[in-house]
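Undergrad: Dropping the structure in here first, questions after.
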Amino acid sequence: MSVLVEQVSDIQALSQVDGKQLAKCCEICMHNFKNGAADKKIYLRAAKEMGLSSTDVAGVVDSLSGLFIASCKKQMKQGNFKIFMETLQLPQGHTGIIYKYYAENVQSIRQTLQNHSKRLSSYKSLSWRLEIETSTRSLHHEVKPSFLLELQTEKMGEPHSELMQCDYSVLKNMCNELELALNELDSSHCRRMSTYIN
């Protein structure tokens, strides 16, 4: 839960508006999710209606966006979200308004996050073949080993194949670098970054 509090840029901004203003900011937030971007004209119009500055409206909408995105990334169930909202000690009624918008739009927010997230290729298989050149016309008794690698990956359901040829020293260096990368996954820095990414 503490990670979620860090994700919300400014929780105090949520407590500086009344229920009607908060509902309007939630509508703007959902509009931003559906369109994929913030519209300054909507912020200015809403600020004029609510009697706030456009920066105040943007601060509340940003806080709501951070809260909704962090909750969806953590795949927080609606009951847990409601409990978390009660720990923020927001004014009476704010929790219900935010929870209502979250419950109604959680699936569309998740869908938007999936559509806009970066998709990396996933590993499927690696095939290799050792080729040895034993001699040439000019050089006899010189062995030159090389490896032919076929890396098969998949991105968004589409298979992709890469062919690579390298000698033993390059392959050994590649193995060492991959082992270092795997060992780095256990570091505290990497675990912290993965919580922010996921």
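Undergrad: Rounded to the nearest 0.05, what FRET efficiency do LYS100 and GLU154 give with R0 = 41 Å and r taken as the Cβ-Cβ distance? Could you check?
TA: Efficiency at R0 = 41 Å is approximately 0.55.
Undergrad: Taking the chain as the region of interest, what is the percent of Cα-Cα pairs per 10 angstrom bin, listed from the shortest bin to the one with the maximum distance?
TA: Percent of pairs per bin, in order: 7, 24, 22, 14, 12, 9, 6, 3, 1.
Undergrad: Rolling a 1.4 angstrom probe over the protein heavy atoms, how many square angstrom per residue are accessible across the chain?
TA: Roughly 69 Å² per residue, with all protein chains present.
Undergrad: Please compute the modelled spin-label separation between MET164 and LYS40, points set 7 Å along Cα→Cβ, answer in nm with one decimal.
TA: A separation of 4.5 nm, rounded to one decimal place.
Undergrad: Also: Can you tell me the 0 to 90 degree angle between the C-alpha axis of helix 19-35 and the longest principal axis of the chain, rounded to 10?
TA: 30
Undergrad: FRET efficiency for LEU182 and SER53, Cβ-Cβ distance as r, R0 = 41 Å, nearest 0.05?
TA: On the way: r = 50 Å, r/R0 = 1.22.
Result of the calculation: an efficiency of 0.25.
Undergrad: Fully extended, how many nm does the chain gain between GLN107 and SER122 (0.36 nm per residue separation, minus their Cα-Cα distance)?
TA: Extra length from GLN107 to SER122 when fully extended: 2.9 nm.
Undergrad: Over the Cα atoms of region 41-102, how large are the radius of gyration and the largest Cα-Cα distance (Dmax), in Å?
TA: Here Rg and the maximum Cα pair distance are 13.1, 35 Å.
Undergrad: Related question: Of all GluC sites (Glu not before Pro) in region 107-166, which ones are in loop regions per DSSP and have a Cβ with at most 13 other Cβ atoms within 10 Å?
TA: Details: sites: GLU131, GLU133, GLU142, GLU150, GLU154, GLU162; in loops: GLU142.
Loop-located and lightly packed - GLU142.
Undergrad: Something else about it: Express the relative contact order of region 16-175 as a whole percentage, based on alpha carbon pairs under 8 Å and six or more residues apart in sequence.
TA: Across region 16-175, relative contact order equals 16 percent.
Undergrad: Can you give me the solvent accessible area of SER121 with a 1.4 Å probe, rounded to the nearest 10 Å²?
TA: Accessible area, nearest 10 Å²: 70 Å².
Undergrad: Using a 1.4 Å probe on the protein heavy atoms only, what accessible surface does THR134 show? Give it in Å² to the nearest 10.
TA: Solvent-accessible area, nearest 10 Å²: 90 Å².
Undergrad: Another question, if that's okay. So which of LYS124/LYS172; LYS48/LYS73; LYS34/LYS77; LYS100/LYS155; LYS48/LYS82 end up more than 27 Å apart by C-alpha? Could the numbers behind the result be given before it?
TA: Numbers: LYS124/LYS172 21 Å; LYS48/LYS73 33 Å; LYS34/LYS77 21 Å; LYS100/LYS155 36 Å; LYS48/LYS82 31 Å.
The answer is LYS48/LYS73; LYS100/LYS155; LYS48/LYS82.
Undergrad: Ignoring any ligand, DNA or RNA, what whole percent of the accessible area of the chain comes from carbon and sulfur when the probe is 1.4 angstrom?
TA: Details: 7210 of 13630 Å².
Ligands and nucleic acids excluded, carbon and sulfur reach 53 percent.
The values are calculated or read from the model by the stated rules, or taken from the named source; none is laboratory data. As the structure is a prediction and not an experimental result, all values here were calculated from the model. Positions of Cβ are backbone-derived with ideal geometry, glycine not excepted, and every protein chain shown enters the neighbour counts. What goes into the accessible areas is simple: the full protein's heavy atoms, side chains included, and nothing from ligands, DNA or RNA. Shrake-Rupley method; radii C 1.70, N 1.55, O 1.52, S 1.80 Å.
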